[in-house]
Amino acid sequence: MTEITKITRRTFMATSAAAGGGIVFGLPFPKMGPKFAQAAFKDLTGGAEINAYVHVASDNTITFGCPATEMGQGSGTSLWMMFAEEFECKWDAVLDFPTGRPEYVQPLIGLQLTGGSTATPGFWGVLRKAGAQARHMMIQAAATRWGVDASQCSASDSMVTSGDKKATYGELAAAAAGQTPPEEPTLKTPAEWKIIGKPGFDRLDSLLKVTGECQYSSDISVPGMVHAAIRMVPFGGKILSYDTAAAKRVKGVRDVIVVGAEAPAIFLDNNVPAVIVTADSYWQAEKGAKAANVQFGQPKEFAELDSDKISSALHAGLAAEGSQARADGDYPAAIGSASDTLSATYEVPYMSHSPLETMNAIADFRGDSLECWISTQDPGAGYIVAEMITGLPQDQIYIHQTYTGGGFGRRVEVEYLEYAIEASMAVKAPVKLTYSREEDMANHFHRPTYAAKMTAGIDSSGEVTAWQHHISGPGIWLSPMRSSRLKNLFAGSDFINGQIESGVDFHSAQGAKDIGYNFANIDVRYTQVDFPVPIVFLRDVGNTQNAFFIESF
């Protein structure tokens, strides 16, 4: 039998660089401590936490506590730009992703969640203010040390000076942490900016990624950890049988357990029943899951659903009147008097997000506490579901947010953390659950399928005088077949009630009802057609299909 050799990303990159005559540089990855939140930088020694977003070590190393997920889109760097501009520090910083404090809640969403292109606008004012407050605290600490007025001190490049006196932020950090920040610090004007909007600043994560030093949750290992593979029930189905004995005959397999709710609880993310196999390594767990030969049952109408039936239902939706999402001018009169008309129908399929890093999470349930590691867009959701599943108070739960290998909306849902927590509770050991690519594509969340009928009226000069966009497809928020923490969290809100009353799902019609073209007569309609397929947002949500429909037409 061929033995599997473990090669870490770090080893691979170092070996590759050495073979090419290169040099590998590594930056430290700061660890967040258990027991359990409320110090953002608990395990960093020396220096001090100045506020929830920044730790300054005695050697002047700055660690930025980024409140948004870094999944390749650059939020870690853009948010650091805001803070660093006002903090008056050197550019280089170590990125960390603390969780569990109110300071990390996304102001535009109300949760610690990264999505909807909200990270930069949401934290724009928050982080600039926090940076200015931290700068003030450094200056005040220096002024106190030197016995001068703060107005006689200035900060630049991670250092405070006053005449011939100078001190680094690292030297001042402990004293600065004890200063009271001003409630409303003076922020720079755009004319004073040295970082925001200026060229020449490298991304904070580039070196980590090209040298293989970047830590994703899939890289994390904790003492006593077992690996897990999963087989999830198809939507609406149930487990019929599985072969525990066959699975345990696979070398390294330890346990075969059933997890997941028969009827998903409020807030939980389609946590359907599933069979989990734990083992000493992931590949042993995956091999054991195959040997278990899990058999499922599913309602006939669900099991027989295919692409042709989905397409027929979507087109039937286009034939219906639909709910009006937008009405400008007099579309019926404009289309009736047009010199020429053009119509076309488009269709897009369900789409898997397929981020490079597959879904994975580590859960370590210890009876009186829980510690987790996860690549996610929504650590705030992790706390909600962890508390519900374990019954523990949130101050006995800590979720380590790591770099994330792609999200695209898929990682807004955290059902994979739920499964890992349940598995850890069952086997009484830390569990690292990893989805296979096949399992994620076959049995979990997708961008919904849609069809659209586009109709335009054109006058004698070739100008568009009438525009109709009719969308048919699932309701991301309104589908009765979607049990989602986010959907249930906002239940009863004006946001959801408005969609129910209008019959127009907000994100399904996004990009169509707010089309960027200024036509005089616009008619946008939506017909909700749902299918038994789990759905979730895809990056830019409604625009992913509606921009395609509009620009293709």
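Structure data summary
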| item | result |
| --- | --- |
| Test: LEU417 is among the hydrophobic types (A, V, I, L, M, F, W, C), over 21 Å from GLY76 (Cβ atoms) and free of Cβ contacts under 8 Å to residues at least 60 places away in the same chain | yes |
| Options SER508, SER502: the member that is surrounded by fewer than 16 Cβ atoms within 10 Å (Cβ to Cβ) and within 20 Å of GLY322 (Cβ to Cβ) | SER502 |
| Single residue of ALA334, ALA325, ALA344 found to be surrounded by 15 or more Cβ atoms within 10 Å (Cβ to Cβ) and more than 33 Å from the chain's Cα centre (by Cα) | ALA334 |
| Some residue of the range 514-532 being more than 24 Å from SER354 (Cβ to Cβ), hydroxyl-bearing (Ser, Thr, Tyr) and part of a loop (DSSP other than H, G, I, E, B) | yes |
| The range 296-310, subset among the aliphatic types (A, V, I, L, M) and part of a helix (DSSP H, G or I), residue modelled with the highest pLDDT | ILE310 |
| Long-range neighbours under 7 Å by Cβ, at least six apart or interchain, first residue at positive phi within the range 328-345, second surrounded by 16 or more Cβ atoms within 10 Å (Cβ to Cβ) | GLY329/ASN521; GLY329/ILE522 |
| Residues that are buried (at least 22 other Cβ atoms within 10 Å of the Cβ) and more than 21 Å from the chain's Cα centre (by Cα), drawn from the range 534-553 | ASN546, PHE549 |
| Any hit, the range 113-127, residues being closer than 30 Å to PHE506 by Cα, polar (S, T, N, Q), surrounded by 19 or more Cβ atoms within 10 Å (Cβ to Cβ) and touching a residue at least 40 places away in the same chain (Cβ under 8 Å) | yes |
| Answer residue from the range 457-506, given it is in contact with a helix residue (DSSP H, G or I) (Cβ under 7 Å, 6 or more places away or on another chain) and among the aromatic types (Phe, Trp, Tyr) and is nearest to GLU551 (Cα to Cα) among those | PHE506 |
| Which listed residue is surrounded by 19 or more Cβ atoms within 10 Å (Cβ to Cβ), in contact with a helix residue (DSSP H, G or I) (Cβ under 7 Å, 6 or more places away or on another chain) and under 30 Å from ALA429 (Cβ atoms), from VAL160, VAL226 | VAL226 |
| Residue list for the range 218-266, filter: at pLDDT 95 or above, outside any strand (DSSP E or B) and within 30 Å of the chain's Cα centre (by Cα) | SER218, ASP219, ILE220, SER221, VAL222, PRO223, GLY224, MET225 |
| Pair list, Cβ under 9 Å, 6 or more apart: the range 160-180 residue under 14 Å from VAL54 (Cβ atoms), other residue hydrophobic (A, V, I, L, M, F, W, C) and in a loop (DSSP other than H, G, I, E, B) | TYR169/CYS89; GLY170/ALA57; ALA173/ALA57 |
| Every residue from the range 499-514 that is more than 26 Å from the chain's Cα centre (by Cα) and without any contact (Cβ under 8 Å) to a residue 60 or more places away in the chain | ILE500, GLU501 |
| Criterion (without any contact (Cβ under 8 Å) to a residue 40 or more places away in the chain and not polar (S, T, N, Q)) met by exactly one of PRO355, PRO393, PRO430, PRO379 | PRO393 |
| Members of the range 42-83 found to be of a type in the set (A, V, I, L, M, F, W, C) and part of a loop (DSSP other than H, G, I, E, B), listed by number | LEU44, ALA52, ALA57, CYS66, ALA68, MET71 |
| Breaking point among (1) within 25 Å of PRO534 (Cα to Cα); (2) touching an Asp or Glu at 6+ places or on another chain (Cβ under 9 Å), for PRO430 | (1) |
| Within the range 145-187, tally of residues that are basic (Lys, Arg) and touching a strand residue (DSSP E or B) at 6+ places or on another chain (Cβ under 9 Å) | 2 |
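Residue-wise test of (1) in contact with a Gly (Cβ under 7 Å, 6 or more places away or on another chain); (2) closer than 25 Å to GLN112 by Cα; (3) without any contact (Cβ under 8 Å) to a residue 60 or more places away in the chain; (4) assigned to a helix (DSSP H, G or I).
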{"position": "ALA456", "(1), (2), (3), (4)": "no, no, no, no"}
{"position": "SER461", "(1), (2), (3), (4)": "no, no, yes, no"}
{"position": "MET481", "(1), (2), (3), (4)": "no, no, no, no"}
{"position": "ALA491", "(1), (2), (3), (4)": "no, yes, yes, no"}
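Per-residue answers, yes or no, for (1) under 19 Å from SER424 (Cβ atoms); (2) in contact (Cβ under 8 Å) with a residue 24 or more places away in the chain; (3) not hydroxyl-bearing (Ser, Thr, Tyr):
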{"position": "ILE276", "(1), (2), (3)": "yes, yes, yes"}
{"position": "ALA279", "(1), (2), (3)": "yes, yes, yes"}
{"position": "TRP283", "(1), (2), (3)": "no, yes, yes"}
{"position": "GLU286", "(1), (2), (3)": "yes, yes, yes"}
{"position": "ALA291", "(1), (2), (3)": "no, yes, yes"}
{"position": "GLU304", "(1), (2), (3)": "no, no, yes"}
{"position": "LYS309", "(1), (2), (3)": "no, no, yes"}
{"position": "HIS315", "(1), (2), (3)": "no, yes, yes"}
{"position": "ALA320", "(1), (2), (3)": "no, yes, yes"}
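The values are calculated or read from the model by the stated rules, or taken from the named source; none is laboratory data. Since we're looking at a predicted model, the values are computed, not measured. As a convention, Cβ positions derive from the backbone with ideal geometry for all residues, glycine included, and neighbour counts pool all protein chains shown.
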